[in-house]
1. With +1 on each Lys and Arg Cβ and -1 on each Asp and Glu Cβ, and nothing else charged, work out how big the dipole of segment A:9-52 is about its Cα centre, in Debye to the nearest 20.
2. For chain A, just say rounded, prolate or oblate: build the C-alpha gyration tensor, square-root its eigenvalues into a ≥ b ≥ c, call rounded for a/c under 1.5, and beyond that prolate if a/b exceeds b/c, oblate if not.
3. Ignore the peptide's own chain and count Cβ atoms of other chains within 10 Å of each Cβ in A:106-117; give me the average, rounded.
4. Based on the mean of other beta carbon atoms within 10 Å per residue, what is the order of A:322-330, B:309-317, A:275-283, most packed first?
5. Springs between alpha-carbon atoms under 10 Å, Gaussian network over chain B: tell me which of B:Arg190, B:Arg93, B:Arg39 tops the mean-square fluctuations.
6. Quick one: Karplus J couplings for segment A:41-57, per residue in order, coefficients 6.51, -1.76, 1.60, θ = phi - 60°, nearest Hz, x for Gly and Pro?
7. Run the simple label-point estimate for A:Ala197 and B:Leu327 please: 7 Å along Cα→C-beta, distance reported in nm.
8. Taking a point 7 Å out from Cα toward Cβ as the label site, list the nm distances between B:Asn142 and the same residue in every other copy, smallest first.
Number of protein chains: 2
Amino acid sequence: MGSVQRKTITDVARRASVSPATVSRVLNGDESVGAGYQRRVRRAVEELGYRPNRLAQNLRRQRSAAIGVVVSDIENPHFSEMVRAVEDQAYGRGYRVLVCNTDESPAKQATYLDTLVEERVLGVILSPSDAHDPQISALLDNGTPVVAFDREVDDRRADAVIADNLEGARTAVEVLVRSGHERITFVSGRRDVETGAKRLDGFEFAMRSHGLEARSVDGEFRTDGGHAAVAGLLASPDRPSALIVGNNLMTLGVLRAIREAGLRAPHDIALVAFDDPPWAEFVDPPLTTLAQPVRRMATEAMELLLERVTGARTEPRRTVHPFELRLRASSGSQ
Amino acid sequence: MGSVQRKTITDVARRASVSPATVSRVLNGDESVGAGYQRRVRRAVEELGYRPNRLAQNLRRQRSAAIGVVVSDIENPHFSEMVRAVEDQAYGRGYRVLVCNTDESPAKQATYLDTLVEERVLGVILSPSDAHDPQISALLDNGTPVVAFDREVDDRRADAVIADNLEGARTAVEVLVRSGHERITFVSGRRDVETGAKRLDGFEFAMRSHGLEARSVDGEFRTDGGHAAVAGLLASPDRPSALIVGNNLMTLGVLRAIREAGLRAPHDIALVAFDDPPWAEFVDPPLTTLAQPVRRMATEAMELLLERVTGARTEPRRTVHPFELRLRASSGSQ
DNA sequence: CTGAAAGCGCTTACAG
DNA sequence: CTGAAAGCGCTTACAG
């Protein structure tokens, strides 16, 4: 049980009566090595159960075989789904995944990106809490590709995979307006963050195009923020007849506030929410949601990253993905 | 913007007019270095903005500064909470976290553990899908500490942090029996997995001690498994009056089956569920749950791991954590 | 207390 | 096509 002593490339070389250089070449798929050598080396590798030392490879190549994934909170189902998809693909290709949680803090993001620079990761998939972070440029200067996820970053050399937030917010408004709602309030995420700002913009634009007043409150993308933003609102006499909630965490807070106010959705107040976590259809009432194709987006982010890592592409690319409307009871529009 | 050229330990040594060895000693807290040297080195480090190359340190030490976390699925809130807690602590101490998803597959687990051996991680926190996996022993042989999380492993050299599953199941039964239920079915997880087996054992023991028949179905810890296991059951004329569900994923499947059967909980069927994800209080009906102190357990797992890494402890340790009952509407017992 | 030297296990320009 | 040698950037036993 357990190899007593790790074999090195020199052990293999000795056994195959070749130089370590040749072993290295064979293992790295260098075509120029003669067929006979190839065979001898492969046999020796097999017989000794040799596995290259990752740590030595990393130092020599000045790259670790890891991909950094930076999100605000892996406990948010939106991001755990994303991390899961990235991880599945990464491991399949021999890369590891380093996970970092920023809690939407620019300072934490800077620290983590700095660490990833130091770690010489192959690439970074980043859902930025701070689009201006100079560490992003430091990574790119360093030759480390960056793919922005959900939100773009300032440095135009980065790739980006984002959802069509303007259109998503417009869709949410349409669903509610069609059901006769006019007093609709948007529970927005942080406005200094792109997803927050874009969804709010889309909401305001859509409301105005219907000649309606665009009211909004700020829930900061957090559960307690959603609760706090809505609690007062619901107590007021001219409370809105419908809410659009900017992400799944705030939705939990809003559901609590509605319950505490003794109201029932959609009867007293209709609801449309961004994100479609597994529990969306089981809460009371089942939620009408705008689902992002998270898995597809994550897969694409990995592909963009690998195109950069392998040098297959050099100009930045940006892809935009539509939301999918899932009509359920909470919007009162079924 | 972006360091043009990384500084090395030799650059620092030259600037401080000392040897690289001295720089290394100062940076690694070697007390024996003279105060004057200390100061000179620290100044040079500061001035050059020197940061040690992690990759070189790893090779030299034959250890990477990473901790492997192996769970069945990071999309399960139980595990994302655990990973989050581990990650918070790890980064604070300068370690990285490598995440691996096994999907409850022994083959995947073996592959990932093998990778972690190769990666020379500092330690592994493992929620095992296969307690007998010889790779676990390979890690331990290798000097890599292993902390079993949720479920124990065969190799007694590993530490373990587990919940009191027997007692948890007993509590669930008590809640329902006290409300007058006698036909209670347990929706179990995989019986070849410790949490599955223990919770089932506890259920059967508690039921028998009340002179009741202990029926159970197998939902394999998965959402669709929970759905499939319960769908037929609910259609039968002598359907149970209450269900105990073995984890949060299966609970989503059970909620769907109940809805599809046109039943209402707790009126038609009462429910007690293991795990207390954020959505538990917002589903219809709010769930009575058995919550594990996941965060505390994860923190403890990290502490146990670090005690081993630093060599502060050599004998294995095992800690057991109680569940906490959260009474809500689904059990019909409020 | 400090330094010179060896070495961790690879990869890759350079010769031949 | 293949090998000898240098080197990635550290750390640490060994001398002094």
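The values are calculated or read from the model by the stated rules, or taken from the named source; none is laboratory data. These figures come from a predicted structure and were not determined experimentally. FYI the Cβ positions are ideal-geometry reconstructions off the backbone, even for glycines, and counts take in every protein chain you see. Areas reflect the complete protein model, heavy atoms only, side chains present, ligands, DNA and RNA absent. Shrake-Rupley method; radii C 1.70, N 1.55, O 1.52, S 1.80 Å.
1. 120 debye
2. Prolate is the answer for chain A, as a/c is 1.5 or above and a/b outweighs b/c.
3. 1
4. Peptide ranking by packing, descending: A:275-283, A:322-330, B:309-317.
5. B:Arg39
6. In residue order, the calculated couplings are 4, 4, 5, 4, 4, 4, 4, 8, x, 6, 9, x, 7, 4, 5, 5, 4 Hz.
7. 5.1 nm
8. Spelled out, the distances from B:Asn142's label point are 2.5 nm.
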